[in-house]
Every structure is written in structure tokens, then in C-alpha cells.
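Trainee: There's a structure below that I have some questions on.
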């Protein structure tokens, strides 16, 4: 039986944020920690560069979960969630790959305290009653023209709806500390009223104060864990 050891590496964030700790497990018959093996080279599937099979955990310091909605039917209001976790698993058969994420609703921020409090209220996310929203992929339906189409269940305020994400693989790279990183961009749009967020104000000129459509964009970087 071989012994195992676990070490953590602090990965320096050049943006000035706190280091990201990555746990690296190594095995040696004598119980001596060893360096992890070099990552397998990426592979190309339908013109898209994918890493070797494995699970990648989101690096929250280099990931943004953002959204855009229309205000007064003309201007855009942007925001993001600051507290979240998730992972992406690349399978040997890329169509068997999967992803999941959990987002803390109270971490929503738009740059306006008053607007954020309203978004946290029962008119929108009801963050106190429903502290998390989740996404769980169910299938990959298409890989072509640089885009992977991922279908999954999005749950907000205990309401689950199927959504379709267009995912682009931005690259696969090895950081200076030997960690393999996967960069992705994912986009989708939802009707917020499908999730019970029906608050609005009618405008005298026609239309409504806040759009029903919300565009979601995730710019992610994830680190191989297995």
C-alpha cells in the first residue's frame, strides 16, 4: 500500500488579489511527496482545443459571473455575483462532459446600494429566503464552429427551468506553478418572469422600467483538480 501526501500551493495573482491555494495530491511508495505529472497535451475536437479528461474547479479570483438587463428600455445595467463556486468535468467523450455551479444570491452587486437592496428583496431574488441559485448541466447537444452547446437546469427561487448555454473554450494553459488551467466563456439569456421575478413599472411612453430579458455572461478560469 502506498502512502499519500497533500500539499497546497499559493498561486500569486498578478492583479494584486490574494493568492489562490490549489491542493495537489501526490503519491510515493516511501511516503515522500512527488511533483505532479505534466498535464497531458490538449486535443482538438471539431476545431475546439480541449484538455485531457478531468475535473476543473473554478478559480473565483479569475472568474466573473455577470448579467445585463435593460433599464427604461434603452440603457443597460450590468452587475455580477461575487460569491460562487463550481466545476467543469471534461469527459473522454466530450458529449459526456458536465458542469455545475452554486451562486450566493446576496452577493449580487450592480454598483448602486439602493438598487442592490431592491434586487435582494422579494421583488427579485428574495436572497434571504433563497440564499443560493444553482446550475446543473444535463447534456451537451452540439460541438461545432468553435461553440459547445450545453443544456442544463437553472434554479432560482426554487423554480427550475431548462436553459441553453453557448460555451466557447478560450484556451488551455499551464501556469508557472505547473497547474493546468481551462478558460471558458458561457452565455445565455433568461426571462426573469419565468423564475417569479415579475416586479415592474409601466412607462407612460410605453414599455416597462426593467426588461424581462436578462443576459448572463460567465468568463471563467478553472484549475485541474483530477
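The values are calculated or read from the model by the stated rules, or taken from the named source; none is laboratory data. Note that the structure is a prediction, hence the values are computed from the model and not measured. We place every Cβ from the backbone using ideal geometry, glycine too, and count neighbours over all the protein chains shown.
Trainee: Based on this model, can you work out whether residue 143 counts as touching a helix residue (DSSP H, G or I) at 6+ places or on another chain (Cβ under 7 Å), surrounded by 13 or more Cβ atoms within 10 Å (Cβ to Cβ) and under 18 Å from residue 50 (Cβ atoms)?
Mentor: Numbers: touching a helix residue (DSSP H, G or I) at 6+ places or on another chain (Cβ under 7 Å): yes; surrounded by 13 or more Cβ atoms within 10 Å (Cβ to Cβ): yes; under 18 Å from residue 50 (Cβ atoms): yes.
Taking the combined requirement at face value, the residue satisfies it.
Trainee: Regarding region 161-174, can at least one residue be identified that is without any contact (Cβ under 8 Å) to a residue 24 or more places away in the chain and touching a helix residue (DSSP H, G or I) at 6+ places or on another chain (Cβ under 8 Å)?
Mentor: Scanning region 161-174 turns up no residue that is without any contact (Cβ under 8 Å) to a residue 24 or more places away in the chain and touching a helix residue (DSSP H, G or I) at 6+ places or on another chain (Cβ under 8 Å).
Trainee: Please work out if residue 55 is over 30 Å from residue 211 (Cβ atoms), under 22 Å from the mean Cα position of the chain (by Cα), modelled with pLDDT of 90 or more and surrounded by fewer than 16 Cβ atoms within 10 Å (Cβ to Cβ).
Mentor: On the way: over 30 Å from residue 211 (Cβ atoms): yes; under 22 Å from the mean Cα position of the chain (by Cα): yes; modelled with pLDDT of 90 or more: yes; surrounded by fewer than 16 Cβ atoms within 10 Å (Cβ to Cβ): yes.
Taking the combined requirement at face value, the residue satisfies it.
Trainee: Please identify the pairs in which a residue from region 201-212 that is more than 15 Å from residue 69 (Cβ to Cβ) has its Cβ atom under 8 Å from the Cβ atom of a residue that is part of a strand (DSSP E or B), counting only partners at least 6 apart or on another chain.
Mentor: Filtered contacts from region 201-212: 202/208.
Trainee: Further, regarding this structure: Suppose we filter 106, 99, 126 for residues that are under 30 Å from residue 51 (Cβ atoms) and either out of contact with any helix residue (DSSP H, G or I) (no Cβ under 9 Å at 6 or more places or on another chain) or touching a residue at least 24 places away in the same chain (Cβ under 8 Å) (or both); which single one remains? Show your work before the answer.
Mentor: Values: 106 fails: under 30 Å from residue 51 (Cβ atoms); 126 fails: under 30 Å from residue 51 (Cβ atoms).
On inspection, the qualifying residue turns out to be 99.
Trainee: I need the full set of residues from region 158-182 which are at pLDDT 95 or above and outside any strand (DSSP E or B), in order please.
Mentor: Selection gives 158 alone.
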